[in-house]
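See structure below.
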Amino acid sequence: MDTMDSIPGDFAVSLKARPSSKNNANLPSLIERINLERGGFQNITEESLRQEIADAELENEDGDDDASSDEDEEEPDRMKELMTSRDEILGQIEKAHQSAMFALDFVSLLLSKDTPVQASLSISPFLRELVGMGTLGADKLYAPRMTDAQKQDNKQVAKGWKSQSVDKTVDSILASASRLEKEIELETKYWQQVLAVSDSGWSVCRLPKERHTLGVRFGFSEASPAFKNRSLAALRRNPDGTISLDQGIASSEPRTLRVRIRIGNNQTGASASPQPVAEDAPIEALILQARNTIFSEELWQEMNREARTLGSYGVQSRDDTLICPLTSTKTAVFDLVPLGESTLSGPDDNMAEGVFISLNLLLTYAHRQNLRRRTQPPPPISAQKKVILPYNLLRAVLTRLKHQETVGQLNNLLGPLCHVMESAQLKPLPTFKVTSTPGTPPAQLPQAEQTILSLVDRLETIATFSMSESTTITIAARTSSFPVGSTFFVSLPPSSPLMSVCPPPQVLTSYPALRDYIHYFTACAVATSIATIPSSSEIDEADIESQAGQWHQTPHPTTLRTVLLTSTAGSKIPKTKQLSISVQPLTSRKKSGIRLRAYWEWNGKEQQEVTVIDERKSSFGFPVLLEDVQMSPKEDSKNLRRGLGEGVYDWVAWEKESGKLWDDGEGEVFRTLESVLADAGK
């Protein structure tokens, strides 16, 4: 059954040939299919195709009965194919119509400039309103008349331009090569300096916010956070290849701590202030200067923090300066000044420089302690807030100076004592020795920390003062930091005869108390060495002649008594005379010294056992005369002579001054103690 016979006669659509399949293949796919099934077009002829068609019709006739049922089933699908083909044909026709209308509008618009009347008949109203008539035109251009000479000239010009471009390119390459060579030279210079900085021990790293920029850490890892964050500077390259140190907003002029020593309002010394490093100096010097500056600023801040806790010692903060009393006469003034600040020199320059170096070492030691605490296991968690105490900087310096002052006081106390005894030719001659006994730091600490601890921790000095083999007094002076002060521990051998006469106190908390006791002890020792009869023995009136002229002790340890026989009307009448030994401090012409006095007088019935004019007692009971400070020794001796057989004799020694034990003419030995005792016993 032919397919075309099934289409009604009134179907008004022109159909194409019978479709070979449900999905029409395009030409390329058809050619590909022929190549695969037939092996190309070479073996295909018209006769072979007709033969295949005839064979196919024979096969179709045999299966007409079966095919009729299939055609009935396929008929709805063929109708759908026809409708789809119709829609496709109508779409193609519409596209062709639109293309023709566009072409007509284009030609009409092109002609509207020359023949607007004719063009207006064919142009569409939409295009006329959109662009208007006569907006598009066309002209005929004639071909340029170019001669061979002009062509040759153009070739020469083109060749010249090419040559010029080549020369320009070569020059650009050479300039780039020169610039690259210079850049390599500058980079080499820059990296050599960076390597020198690293070889010097400085830590070179990348900046946190500029990963392409190198930086150097010049601060201290254990410093406070404010100064630790400021200890990083960028190493930027200058146009000439050198390195500049960029500290950012933390950059400031280099400064250092200055220490000035004053006595009253007069400056007697100052620490040295180094000169600032030049801007063209090596980068290592600039980094070192920045490190010293930030170290001085941290030291200044920590000193101000500590000064708030040292108000009881006279430390004050006034007008950007710190005022700290060092000794009874000298005061230190601290301030932060720019490098190169001019200062006046004086005799105390070494002291100011020593204080400056000590403060720097103490801050470094505090950093080491921070590192040790940070590396140790943390303490147990506690609800109490951890209190960060200020570093012991000024306190350690004050403690050390106090200990040195104590050692000097011991030398100034015992030295004149021995000298005045030597002047009196007391036998045996007394001796003294002052020895420092620093504590032994733990062996596991580094040598630097052991040195610092030996200077600021367990400050102790042992002084021995020997009057005889059995009379040796030991003074242990210990200086503490909390509070700052010295404590004296005095001891005597148990076998010493002076243990019952003047037992030493266990602890003395001030130097004046120690001085008074040592003076009293010395007077007692001299009196004991003179006495031939102890105080416990009574005077035997029956044997008074045998005891005449001998000195014996009294209940007062520094007072001796003797019996003298005087002849009156052929008979001998006993009379008593007393001798007082005293050791007293002496001040004259702004100097300090010591005086050993022997004072003897008759002891009448109306007098007391010890007769002293205008006396006041010290804390240990020996007399200190008020006029001793007001009168010279000669005037004092003249006023104290009260009659025949009475008198006074002084031995004086001054404290060491300007390398001499005494001035010329002072402390000279005129008489021995033995000769003075002989006169006193007459």
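General observations
- Among the residues of the range 417-453, those identified as over 21 Å from CYS524 (Cα atoms), of a type in the set (Ser, Thr, Tyr) and assigned to a strand (DSSP E or B) are THR435, SER436.
- Any hit, the range 493-507, residues being over 18 Å from PRO557 (Cβ atoms) and crowded, with 16+ Cβ neighbours inside 10 Å: no
- If you go through the range 407-439 and keep only what is buried (at least 20 other Cβ atoms within 10 Å of the Cβ) and within 33 Å of the chain's Cα centre (by Cα), you end up with nothing.
- Residue identified as acidic (Asp, Glu), in a loop (DSSP other than H, G, I, E, B) and at pLDDT below 95 among GLU279, GLU297: GLU279
- Exactly one residue out of VAL166, VAL107, VAL117 is free of Cβ contacts under 8 Å to residues at least 12 places away in the same chain, β-branched (Val, Ile, Thr) and surrounded by 10 or more Cβ atoms within 10 Å (Cβ to Cβ), and it is VAL166.
- Any hit, the range 647-662, residues being at pLDDT below 80 and more than 17 Å from GLY415 (Cα to Cα): no
- Some residue of the range 146-153 being in a loop (DSSP other than H, G, I, E, B), at pLDDT below 90 and in the same structural domain as ASP280 (by TED's automatic domain parsing): no
Listed here are the residues, each with its yes/no results for (1) outside the structural domain of LEU673 (by TED's automatic domain parsing); (2) without any contact (Cβ under 8 Å) to a residue 60 or more places away in the chain; (3) farther than 30 Å from ALA598 by Cα.
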residue: PRO416; (1), (2), (3): no, no, no
residue: ALA424; (1), (2), (3): no, no, no
residue: THR464; (1), (2), (3): no, yes, no
residue: THR472; (1), (2), (3): no, yes, no
residue: ILE475; (1), (2), (3): no, no, no
residue: SER480; (1), (2), (3): no, no, yes
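- In the range 508-524, the residues that are free of Cβ contacts under 8 Å to residues at least 24 places away in the same chain and either under 16 Å from SER582 (Cα atoms) or not in a helix (DSSP H, G or I) (or both): LEU508, SER510
- Of the strands (runs of 3 or more DSSP E) lying entirely inside the range 196-266, those containing at least 1 residues that are of a type in the set (Ser, Thr, Tyr) span 203-206, 243-246, 255-263.
- Selection status of VAL526, closer than 18 Å to SER466 by Cβ, surrounded by 21 or more Cβ atoms within 10 Å (Cβ to Cβ) and assigned by TED's automatic domain parsing to the domain that holds LEU414: yes
- Any chance ALA285 is closer than 24 Å to VAL216 by Cβ, in a loop (DSSP other than H, G, I, E, B) and free of Cβ contacts under 8 Å to residues at least 12 places away in the same chain: no
- Some residue of the range 348-355 being free of Cβ contacts under 8 Å to residues at least 60 places away in the same chain and polar (S, T, N, Q): no
- Only residues that are crowded, with 16+ Cβ neighbours inside 10 Å and touching a residue at least 12 places away in the same chain (Cβ under 8 Å) were counted in the range 225-246, giving 11.
- Taken residue by residue, the range 367-383 has no member that is at pLDDT below 90, in contact with a strand residue (DSSP E or B) (Cβ under 6 Å, 6 or more places away or on another chain), loosely packed, with under 13 Cβ neighbours inside 10 Å and not polar (S, T, N, Q).
- Boolean, THR487 is modelled with pLDDT of 90 or more and more than 20 Å from GLN553 (Cβ to Cβ): yes
- Apart from one condition, ALA233 fits all of (1) under 25 Å from PRO338 (Cβ atoms); (2) of a type in the set (Gly, Ala, Ser); (3) not assigned by TED's automatic domain parsing to the domain that holds LEU288; the exception is (3).
- Residue within the range 406-424 that is acidic (Asp, Glu) and touching a Leu at 6+ places or on another chain (Cβ under 8 Å) present: yes
- Within the span defined as the range 253-261, every residue fails to be free of Cβ contacts under 8 Å to residues at least 40 places away in the same chain, out of contact with any Lys or Arg (no Cβ under 7 Å at 6 or more places or on another chain) and either within 17 Å of ARG291 (Cα to Cα) or in the same structural domain as LEU359 (by TED's automatic domain parsing) (or both).
- Hits in the range 325-361 (condition: part of a strand (DSSP E or B), closer than 23 Å to GLN289 by Cα and of a type in the set (A, V, I, L, M)): LEU336, VAL337
- Residue in the range 307-324 that is under 20 Å from the mean Cα position of the chain (by Cα), in a helix (DSSP H, G or I) and either at pLDDT 90 or above or under 30 Å from GLN247 (Cβ atoms) (or both) present: yes
- Among the residues of the range 565-581, those that are modelled with pLDDT of 75 or more and of a type outside the set (S, T, N, Q) comprise LYS575, LYS577, LEU579, ILE581.
The values are calculated or read from the model by the stated rules, or taken from the named source; none is laboratory data. Remember, it's a predicted structure, so these values are computed and weren't measured experimentally. With ideal geometry, Cβ positions are generated from the backbone for all residues, glycine too; neighbour counts draw on all protein chains shown.
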